[in-house]
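Single-structure report; data block below.
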Amino acid sequence: MRISEEEIRKIALRAIEELGNKATPDMVREVVQKSFTKLGTMPEGYSEKDISTGRIILTSFGFNQPGIIATITKTLSDAKIDIKDLSQKIMDEFYTMIMLIDISNSPKDLKELQEDMAKCAENLKVKIFIQHEDLFRYMHRI
Amino acid sequence: MAYEFEEVLETIRMTEIEHFDIRTVTLGISLRDCVDRNLEITKQKIYDKIIKYGKYHVEYAKQVEAEYGVSIANKRVAVTPISIPFDNYKMEDFIEIAKILDKAAEDIGIDYIGGFAALVQKGFTNGEREMIKAIPYALSQTKRVCANVNVASTKAGINMDAINIMSEVILSLAEKTKDEGSIGCAKLVVYCNVPEDNPFIAGAFHGISEPEVVLNVGISGPGVVFDAVKEAGRCDLNTLAEKIKKTAFKITRAGELIGNKVAEKHGIPFGIVDVSLAPTPAEGDSIGDILKAMGVEDVGAPGTTAALAMLNDCVKKAGLMASSSVGGLSGAFIPISEDRAMINAVAKGHLSIEKLEAMTAVCSVGLDMIAVAGDTPATTIAGIIADECAIGMINDKATAVRIIPIYGKKVGEVYDYGGLLGEAPVMPVSKLSSENFVLRGGKIPAPTRSLTN
């Protein structure tokens, strides 16, 4: 996990503000830990959230049938995931759907979402891919 | 939508159908601080250092794979050419070092580790002689260790003494691993102009100008380029070149992203993207198929070299545009056993070693994964290596020979290694003798860089 200098500065300023002159090392540690939690990351260990943004591209395709989007969006809303954009095409019996979603405010991380969607895909007998947006940005935007 | 429908689907198609993957994320680790007078302490230092940096290598790569939905086929490690830090050791000691490298590789969960290497284009140190002598034992007694020896360069010329020694080493290694189709030779590369940051096993090592630890990435994607060429249909060559470049650009960008992310997780610098088209024996993952889609009837037909030259150049140009840190071998690999279409071309008698040699003048590496009869004389192997080195030396490019004289096999027979190494048809080699030339020994002097006619 990389933390920008600006973020470190902010955390330091917040610690000074809260603690004033009577700070002990323990108190500093507590405030810093809290700030890191607010940033959505812990300084130690790896969290799925340390990817640059929470924007994910969800792609799904398969044979069209009622309830596909309902099932997928239900899973997303249960996980408090925001849908930023959605587009779909239907060709004969075959459908393709692409969704841009944001998981930054979700209690679930990318891995958990992938597991949930794998279950959805199995129940609906369709394909669902969950990939971080960066991949598409790198490949298709200069 | 921030992305066009087609753009998203194109990416999904590449990763899901066209076998686009990151071929390798290779962790380069310097072992220059691991030397001690006591061999046991040296071994412990080597082991500790590889574990320290490599412990989470596979884990991190898997996390990135999941985030981006791009599979990373291989996770590997390359170390400093071991002849350099451990120059005061004897042959037996080098075998012990190979064994500890093997153990460290096994313990961090990787299949191959590169760097049992020496750079002897200008001459040998005592340690290098001992290390090269150790190769047949080291590679036959370990599973994961890969070796390479650089015997020529444009600046130094060709060290024919080294080539003669290496051809004996190859035959000895073939004999020592005869029960498994002389598989040891698949782990040994003889180079001219070796790049120091190549992430691709078996030729990978952590060059002497590299930092303490670094992460390099090798991309792949013959399947993606093959489909692009097919889709282009009957257009002229300029249009085709554009099409290939666009595709190669996209896969390089993905490679750079993945490399950066894995390096970020390690907290180490990102080195280079090796923009290579590396085939596998899987259906639709073949360079030979691309050449055929470009229009030659089969690999080996007149025009094959030109088609390959264009393909190679397009990949390089697109790669350079897509990433600021392109390095390694960067180009199209043309191994025989690892490429379905190449295997078929050899089996049908369409592709000979001689034509393949011409193709290596314009591809990224050289004579790669070619099987020859087990009774091929050492001097003939030396002649083949010398020819390949001459191409590399004169054209200022990396060339390599990974030749497998399969013990007990004759021309026309096939040995199936399985997995990524594929199946190797035994190719015919000229019966004419090279003996009186190669056994002169000494060196072919470095070439002139002017009067380039």
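Read-outs: derived from the displayed coordinates by stated rules, not from any lab. None of the values given here were measured: they were computed from a predicted structure. Quick reminder, even Gly has a Cβ in these numbers, built from the backbone with ideal geometry, and neighbours come from all protein chains shown.
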Q. Cα centroids of the stretch B:174-226 and the stretch B:102-119: how far apart, whole angstrom?
A. 11
Q: Report, as an integer, the average count of C-beta atoms from other chains found within 10 Å of each Cβ along B:248-261.
A: 3
(Q) Treating only the Cβ of Lys, Arg, Asp and Glu as charged (+1, +1, -1, -1), what charge dipole size does the stretch A:55-140 show about its Cα centre? Round to the nearest 20 debye. (A) 40
Q: Kindly identify chain B as rounded, prolate or oblate by the Cα gyration tensor criterion: order the square roots of the eigenvalues as a ≥ b ≥ c, call it rounded if a/c is under 1.5, otherwise compare a/b with b/c, prolate if a/b is larger, else oblate.
A: oblate
Q) What ranking, highest mean first, results for peptides B:405-417, B:137-149, A:77-89 when packing means the other Cβ atoms within 10 Å averaged over each residue? A) B:137-149, B:405-417, A:77-89
Q) Once every DSSP H run of n ≥ 4 in chain B is given -39500 (n - 2.57) and the sum is divided by its residues, what mean residue ellipticity at 222 nm do you get, rounded to the nearest 500 deg cm²/dmol? A) -14000 deg cm²/dmol
Q: For each of B:L320, B:L257, A:L100, count neighbouring Cβ atoms within 10 Å of the residue's Cβ, then give the residues from fewest to most.
A: B:L320, A:L100, B:L257
Q | Fewest-first sequence of B:H350, B:H206 by Cβ atoms within 10 Å of each Cβ | A | B:H350, B:H206
Q. Roughly how crowded by other chains is peptide B:13-19, in terms of the mean Cβ count from those chains within 10 Å of each of its Cβ atoms?
A. 1
**Q.** Calculated FRET value between B:F5 and B:K122, using beta carbons and R₀ = 35 Å, to 0.05
**A.** 0.05
Q) Can you name the helices of chain B, as whole DSSP H runs, whose Cα span along the helix axis is 20 Å or more and whose Kyte-Doolittle mean is not below -1.0? A) B:39-54, B:91-107, B:126-141, B:160-176, B:237-266, B:304-322, B:378-395
Q | Point-charge dipole on Cβ atoms (K/R +1, D/E -1) for the stretch B:295-385, about Cα centre, debye to 20 | A | 240
Q) How do B:F20, B:F437, B:F94 rank when sorted from fewest to most other Cβ atoms within 10 Å of their own Cβ? A) B:F437, B:F94, B:F20
Q. Using a cut-off of 17 Å between alpha-carbon atoms, which lysines can reach B:K230, once sequence neighbours fewer than 8 places away in the same chain are excluded?
A. B:K243, B:K245, B:K246, B:K292
(Q) If Rh is defined by the Kirkwood formula over all Cα pairs and Rg also comes from Cα, what ratio Rg/Rh do you get for the stretch A:55-140? (A) 0.95
Q) Taking a threshold of 24 Å on the Cα-Cα distance, which of the pairs B:K397/B:K431; A:K74/A:K108; B:K49/B:K103; B:K122/B:K176; B:K143/B:K355 fall above it? A) B:K397/B:K431; B:K122/B:K176; B:K143/B:K355
Q | Global form of the protein assembly as shown, assessed from the alpha-carbon gyration tensor, a/c cut-off 1.5 | A | oblate
Q.
Compute, for the protein assembly as shown, the length of the dipole vector about the Cα centre, with Cβ point charges of +1 (Lys, Arg) and -1 (Asp, Glu) only. Units Debye, rounded to 20.
A. 740
Q: Report, as an integer, the average count of C-beta atoms from other chains found within 10 Å of each Cβ along B:67-73.
A: 5
